[in-house]
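*Asks:* Take a look at this one; I'll ask things after.
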Amino acid sequence: MTEFIQQDLSGARFDQVVLTGADFHGVRLNDAHLRDVDLRGIDVRGAVMSGTLRGVEFWDVELSGEIGRLVVNGIDVGPYVEAELDRRMPERILMRPTDPEGFRQGFATIERLWDGTVEHARTFPPEALHRSVDGEWSFIQTLRHLGFATACWVGMALGDPKPWHPFDLPWDEAPGWDDVPWDREIQPSLDEVLAVRGQRRALIHGVLDGLTQAELDRVVSPIANGHPPETVPVAQCLRVVLNEEWEHRLYAERDLAIIKEEG
């Protein structure tokens, strides 16, 4: 098998090349031109895309992720997708708060929803909560990642340079930091992870209690490895955590349903 590792192939030309079953990881295809290509069965994860697809055929395609402007045959379908998701899940609207009371309501809502998901997870055998579905994080790993997200973003808002717990799990494509824990393979129990999650909830409530608009508007800066790389307002820190909690609960419920169906 030919391997291209840490090579700069910018401007390279691939003509009548067979790449069936090839594995692309950490590859940059920005500004690439694809002509007469066969992408049936393609599996793309963790990608960022902007550009134009013309003369393409979509017959059995699933797209999930953050969608901004997405024009299909001349129609921007992004607003339609957002409106339909809000219609199906009315609580989703609460994940976009703009004022202190809105943030308190949003976090109260997502905590209530997650409490229901955790009770659902408790009906599964403990080993099932460490099971990965289609290469995604297990239920326990999902909770560990949310712990990392809270430590990262709320820790930044509080000016804590080292808010980490050994269970914290960064995203898979994270660059890696010497002082940030990152052990995907450990398997703490649900109760052990929930104990840390309780501490992180208390951290969030400490910010929400007495939260003011001036505090939401306060700009904070990264102070250590693992924190967001740019200066952001506290409102954005809290909104990112809300979004992470919302999206990953949906993933968790989806995978629990698959595990239950497969037995």
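*Asks:* With respect to Leu94, is the statement that it is touching a helix residue (DSSP H, G or I) at 6+ places or on another chain (Cβ under 7 Å) and either closer than 30 Å to Asp217 by Cβ or surrounded by 10 or more Cβ atoms within 10 Å (Cβ to Cβ) (or both) true?
*Replies:* Judged against the criteria, Leu94 is a match.
*Asks:* Within the set of pairs 6+ apart or on separate chains, which have a first residue in the range 90-102 that is farther than 15 Å from Cys237 by Cβ and of a type in the set (Lys, Arg), a second that is at pLDDT below 95 and surrounded by fewer than 16 Cβ atoms within 10 Å (Cβ to Cβ), and C-beta atoms under 8 Å apart?
*Replies:* Arg92/Leu85; Arg92/Asp86
*Asks:* Next question, about the same structure. Filtering the range 162-197 down to residues that are part of a loop (DSSP other than H, G, I, E, B) and acidic (Asp, Glu), which residue is surrounded by the most Cβ atoms within 10 Å (Cβ to Cβ)?
*Replies:* Residue satisfying both the conditions and the ranking: Asp168.
*Asks:* Under 6 Å by Cβ, and 6 or more places apart or on different chains, what pairs join a residue from the range 207-219 that is in contact (Cβ under 8 Å) with a residue 12 or more places away in the chain with one that is charged (D, E, K, R)?
*Replies:* Once the first residue is in contact (Cβ under 8 Å) with a residue 12 or more places away in the chain and sits in the range 207-219, its partners that are charged (D, E, K, R) give Leu208/Arg104.
*Asks:* Between residues in the range 180-195 that are farther than 22 Å from Asp160 by Cα and residues that are among the aliphatic types (A, V, I, L, M) and assigned to a loop (DSSP other than H, G, I, E, B), which pairs lie under 7 Å by C-beta distance while being six or more apart or on different chains?
*Replies:* From the range 180-195, the pairs are Arg184/Leu169.
*Asks:* Restricting to the range 102-129, name every residue that is assigned to a helix (DSSP H, G or I) and farther than 21 Å from Glu244 by Cβ.
*Replies:* Pro126, Glu127, Ala128
*Asks:* Sticking with this structure for a sec: Testing Val18 on (1) within 29 Å of Val71 (Cα to Cα); (2) loosely packed, with under 10 Cβ neighbours inside 10 Å; (3) among the hydrophobic types (A, V, I, L, M, F, W, C), one condition comes back false. Which one is that?
*Replies:* (1)
The values are calculated or read from the model by the stated rules, or taken from the named source; none is laboratory data. Because the structure is predicted, anything quoted here is derived from the model rather than measured. Backbone-built Cβ (ideal geometry, glycine too); neighbour counts: all protein chains shown.
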